[in-house]
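J.: Before anything else, here's the structure in question.
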Amino acid sequence: MTARRRVPIARRQLAAEPAKLVVTLVAVAAAVALVLLLSGLRRGMGEQVTLYLDHQSPVLVGQEGARNFLSQTSVLPEALADEIERVPGVAEATPIGQQYAMLRLHRRPVLALLIGYDPGKPGGPWRLASGRAPTGRGELVLDRVLASEHGLEVGSTLEYRGAQLRIVGLSRGTSGFMTPLAFAPRTTVNDLSRQPGTANFFLVRPEPGIGAETLAARIDRTLPGVTALTRDELAANDRRQFIDPFSAPLFAMVAIAFAVAILVIGLAVYSSTAERSREYATLKALGLRRIALFQLVGVQAAALALGGTAVGIVLAAAAARGVSSLAPKYLIAISVGSVVAIATSALAMALVASFVPARLLARLDPASAFRR
Amino acid sequence: MSVPLARRQLLFRKGRALAGIAGIAAALLLVLALNAIFAGINDRLTAYIDRSGADVIVAQQGVDTMHMTQSALAEQTATAVAVIPGVAQARPILYVPAMIERGEKRGIVYLIGDDSGGAPLPIAAGRRPGLGEIMLERTLAERLAAPIGSRVRAFGQSFRVSGEVEGLASILNSVAFVRRQELERVLGSAGVVSYVLVRAQPTIHSPDLAARIEASVPGVTASTREVFARSERRVVGDMTTDIVRAMILVGFVIGVAVAGLVAYSATLSQLRDYAVLRALGLRARRALTLAVAQIGATVAAGFVLALVLVWTLAALLPRLSPTLVLAIRAGDVATALIVAGAVTLVAAALPVLRVARVDPASVFRR
């Protein structure tokens with residue numbers, strides 16, 4: 001039997017300084033949690049930007065060249081609904097208005113996505129927390145979270161682009177970090193934009209048995225001056241539009257966090273190895289092979305990396321849950337894929353971090369154990 | 001002759017000292033880089049308005065931003081503003097988000113319909129757009145591979161690229177210019193403008209002119225360029241405040257952990273040295289000062305390294321990705337400095353306790 005198997009040296013060395021062990025685990029956990037939270041925030045943003053689309057008909061029609069639902073202008077005559085409904089396979093085409101609304105709440109600009117829809121038709125709020133759906137001009141349904149953040153409730157009035165909008169209902173499940181939703185009759189939205197008789201998009205419900213892609217292609221071929229897209233295609237384009245710009249900074253942050261984690265693990269293992277060089281020299285003099293010494297360092301580094309990662313995953317999950325209850329406008333969507341990726345990366349961290357202490361051990365002279 | 005104990009102790013294990021400095025630098029770099037990225041976005045957010053030559057911006061009532069904003073004014077508003085005493089020029093513009101396409105390549109821009117074709121913004125190449133033409137921000141032109149003379153599509157229409165402007169794009173958006181009547185036609189919004197850009201006569205102060213416009217023209221909000229730009233910056237600032245705060249907190253935790261780890265392991269390995277020094281008569285307070293000085297020096301070096309790294313990033317990143325601009329502000333550096341100070345204080349707690357408790361007699365035991 002080898003000395004390594006009989007005496008759990010790696011574990012004992014780690015446990016010998018509990019304060020240092022805790023600090024190391026906290027540092028690795030913080031770095032891991034940071035990576036998970038940042039990537040979760042990015043994913044959450046993607047889910048939030050398609051919040052409205054996710055609840056709508058499978059096909060949408062916009063002005064020719066429309067590729068996105070958000071961040072792109074599309075203006076069509078509302079009378080086009082009749083023409084769309086004449087396309088075989090279309091059960092219903094409903095005009096909607098859509099625009100970013102820079103509301104001024106508490107003297108600060110607050111962004112919302114204002115949807116104009118025809119009362120009683122699709123496109124409105126899908127779940128009300130209180131109040132009722134808007135029916136008349138100047139009436140508004142506001143996202144519940146946005147309203148509560150600014151002390152607004154049913155009956156409150158809100159000024160937007162010179163108009164007084166009265167909140168008649170609060171919607172649930174319509175909160176988003178960048179784009180909480182607000183709903184008003186389409187006539188109100190058109191008045192605000194000085195664009196009467198227009199719509200930004202048409203929500204198209206296919207007849208049973210008609211596929212969304214088939215119908216979108218058919219509308220595209222039949223009607224000039226429009227672009228028909230499936231909801232999933234529009235949603236994917238919107239997600240890309242919002243998420244892609246954040247990829248480079250996010251990658252930089254993740255790289256820094258990884259570097260920190262590697263440094264911390266390396267630092268912890270290196271310092272304990274350096275401090276115990278006499279003990280290692282003794283072990284070497286007693287005949288412990290070089291490979292066993294490397295294993296010792298590797299096991300310590302792996303334990304710190306995996307332990308810190310486990311704590312980091314728990315921390316990130318707790319933080320995501322805390323954020324969803326304390327600040328529901330942020331959605332942190334931690335995916336299983338990112339957890340698996342970070343756990344795998346932890347082993348890579350351990351490998352890199354154990355390189356320097358392993359070199360120290362390789363160069364250690366067994367005779368130094370007898371010097372003093 | 002005094003002995004530089006703190007320096008010698010710190011430099012005894014150079015590898016560990018360097019790793020500690022690198023770790024703290026990385027933590028502070030997180031704080032500094034994120035702040036600089038958002039500051040860079042903010043700067044570019046107002047780049048058009050800052051360089052538009054407008055002293056006052058007239059918008060629909062209640063509107064004082066452009067980014068992700070809708071504003072609709074009757075075209076006559078520009079005429080009404082132009083005759084107000086103190087107004088040198090009133091230029092109406094249409095302003096809409098649009099998708100510019102060239103083949104399979106696409107980019108979202110704020111498309112500005114302007115009769116002057118974007119004057120007085122300096123042109124980087126080519127000329128201002130005429131009818132059927134478009135002027136692109138250079139980074140977008142490069143991304144779309146749309147040189148001057150090539151054609152791009154927007155709203156289903158084809159436009160010839162007439163020229164390029166520079167320095168208006170951020171990682172979030174870009175800017176392009178067409179003739180206003182062209183944009184009016186494709187949007188079917190005859191008689192409607194988004195904003196009126198007003199140049200003041202030299203004798204009048206912008207805030208006075210803004211107040212005069214609001215008093216004379218109903219249904220508008222007139223803001224000076226400075227007030228308008230400040231409001232624009234708030235849009236992104238308010239959206240990102242929580243994220244920046246969270247990042248500062250994480251940077252702080254990592255910084256404390258790294259500094260604490262360095263300090264703790266260094267102190268432990270030097271505990272016998274401290275005992276010798278105490279046995280030789282070094283007072284406890286002086287021993288504590290030694291421990292804190294080592295942590296302070298590590299954090300200070302980490303802070304300087306983080307500054308150097310963020311400045312290097314600010315110089316390099318725009319070359320790799322022209323829209324990723326890092327703006328380093330004194331306030332953000334001060335925040336990082338405060339974080340670094342707090343890191344030093346918290347991280348010093350553990351080793352200080354160990355040093356305070358060290359028994360001078362322990363040096364004689366073995």
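J.: Can you list residues whose amide H is under 5 Å from residue B:155's amide H, if they're 5+ apart or on another chain and H is modeled 1.01 Å from N?
T.: HN-HN under 5 Å from residue B:155: B:99.
J.: To continue, here is another question. Please report how far the C-alpha centroid of segment A:107-159 lies from that of segment A:248-309, rounded to the nearest whole angstrom.
T.: Here the answer is 55 Å between Cα centres.
J.: May I pose another question? Let me confirm one metric for peptide A:96-108, namely the mean number of other chain beta-carbon atoms within 10 Å of its residues' beta-carbons. Can you show the working numbers first?
T.: Numbers: counts 0, 0, 0, 4, 5, 3, 13, 1, 6, 0, 0, 2, 5.
The mean count of partner-chain Cβ atoms within 10 Å per residue comes to 3.
J.: Now a separate question. Anything in chain A that counts as a DSSP H helix reaching 30 Å or more along its axis (C-alpha) with Kyte-Doolittle mean of at least 0.5? List them, would you? Could you put the intermediate results ahead of the total?
T.: Values: long enough: A:18-49 (45 Å, 1.39); A:231-275 (61 Å, 0.78); A:290-326 (53 Å, 1.49).
TM-like helix candidates: A:18-49, A:231-275, A:290-326.
J.: Now a separate question. Can you give the angle from 0 to 90° between the axis of helix B:206-216 and the longest principal axis of chain B, with both taken from C-alpha atoms, to the nearest 10?
T.: For helix B:206-216, the angle is close to 40 degrees.
J.: Please report Rg (one decimal) and Dmax (integer) in Å for the Cα set of the protein assembly as shown.
T.: Rg, Dmax (Cα atoms, Å): 31.3, 99.
J.: With each label point set 7 Å from Cα along the Cα-Cβ vector, what nm distance links residue B:319 and residue B:284?
T.: 5.6 nm
J.: Also, I was wondering about something else. Between beta-carbons, use under 15 Å as the cut-off and find the net charge around residue A:252, counting Lys and Arg +1, Asp and Glu -1. Show your work: numbers first, answer last.
T.: Values: positive: A:42, B:319; negative: A:244.
Its environment carries a net charge of +1.
J.: What nm value, rounded to one decimal, do you get for the distance between residue A:343 and residue A:54 when each label is placed 7 Å out toward the C-beta?
T.: Output for this residue pair reads 2.5 nm.
J.: A further question on this structure: Accessible area per residue for chain B in Å², computed with a 1.4 Å probe and the full protein assembly in place, what is it?
T.: On the way: 14920 Å² over 366 residues.
In whole numbers, chain B has 41 Å² accessible per residue.
J.: How far, in nm, would the chain grow between residue A:127 and residue A:335 when pulled straight, counting 0.36 nm per residue and subtracting the alpha carbon separation? Before the final figure, lay out the partial values.
T.: On the way: separation 208, 0.36 × 208 = 74.88 nm, distance 2.64 nm.
Extra length available between residue A:127 and residue A:335 comes to 72.2 nm.
J.: Give me the distance in nm between label points sitting 7 Å out from Cα along the Cα-to-Cβ direction at residue A:278 and residue A:325, one decimal.
T.: Here the answer is 5.2 nm between the modelled labels.
J.: Let me ask something additional. Amide H neighbours of residue B:88 under 5 Å, at least 5 residues apart or on other chains, H built in the peptide plane: list them.
T.: B:199, B:200, B:201
J.: Considering only protein heavy atoms, with the full assembly of protein chains and a 1.4 angstrom probe, order A:55, A:106, A:150, B:67 by accessible area, largest first.
T.: Numbers: A:55 90, A:106 130, A:150 40, B:67 15 Å².
Sorted descending by solvent-accessible area, the residues read A:106, A:55, A:150, B:67.
J.: Sticking with this structure for a sec: I'd like the accessible area for residue A:243: 1.4 Å probe, protein heavy atoms, all chains in place, Å² to the nearest 10.
T.: 20 Å²
J.: Same structure, new question: Return the long-range amide H neighbours of residue A:226 (sequence gap of 5 or more, or a different chain), with a cut-off of under 5 Å between placed amide H atoms.
T.: The answer is A:64.
J.: Going by alpha carbons, how many degrees (0 to 90, nearest 10) lie between the helix axis of B:330-357 and the longest principal axis of chain B?
T.: 20 degrees
J.: Still on this structure, I have one more. Among DSSP beta bridges whose residues both lie in the protein assembly as shown, state the antiparallel percentage, nearest 5.
T.: Values: 70 of 90 bridges.
Looking only at bridges with both residues in the protein assembly as shown, the antiparallel portion is about 80 percent.
J.: Tell me, what is a quarter of the convex hull surface for the C-alpha atoms of chain A, in nm² with one decimal? It would help to have the intermediate numbers written out before the result.
T.: Working: hull surface 101.2 nm².
Value for chain A: 25.3 nm².
J.: Roughly how much accessible area, to the nearest 100 Å², goes out of reach of solvent when A and B pair up, both sides summed, probe 1.4 Å?
T.: On the way: alone 18480 and 17610 Å², together 30640 Å².
For A against B, buried area totals roughly 5500 Å².
J.: Go ahead and run the numbers for FRET between residue A:251 and residue A:291, Cβ-Cβ distance against an R0 of 25 Å, rounding to 0.05.
T.: Working: r = 36 Å, r/R0 = 1.46.
It comes out at approximately 0.10.
J.: Also, quick follow-up: Kindly state, to the nearest 0.05, the FRET efficiency for residue A:47 paired with residue A:213, given R0 = 25 Å and r defined as their beta-carbon distance.
T.: On the way: r = 23 Å, r/R0 = 0.90.
Once rounded, the FRET efficiency stands at 0.65.
J.: Okay, moving on. Can you tell me the orientation of helix B:14-45 relative to chain B, as the angle in degrees between its alpha-carbon axis and the longest Cα principal axis, to the nearest 10?
T.: That works out to roughly 20 degrees.
J.: Given only helices, namely DSSP H runs of n ≥ 4 each adding -39500 (n - 2.57), what is the per-residue ellipticity at 222 nm of the protein assembly as shown, to the nearest 500 deg cm²/dmol? Walk me through the numbers on the way to the answer.
T.: Details: 23 runs with 390 residues, N = 738.
-17500 deg cm²/dmol, from helical runs alone.
The values are calculated or read from the model by the stated rules, or taken from the named source; none is laboratory data. Predicted, not measured: the structure shown is a model, and the values here were computed from it. Note that each Cβ is placed from the backbone with ideal geometry, even for glycine, and that neighbours are counted across all protein chains shown. Areas reflect the complete protein model, heavy atoms only, side chains present, ligands, DNA and RNA absent. Shrake-Rupley method; radii C 1.70, N 1.55, O 1.52, S 1.80 Å.
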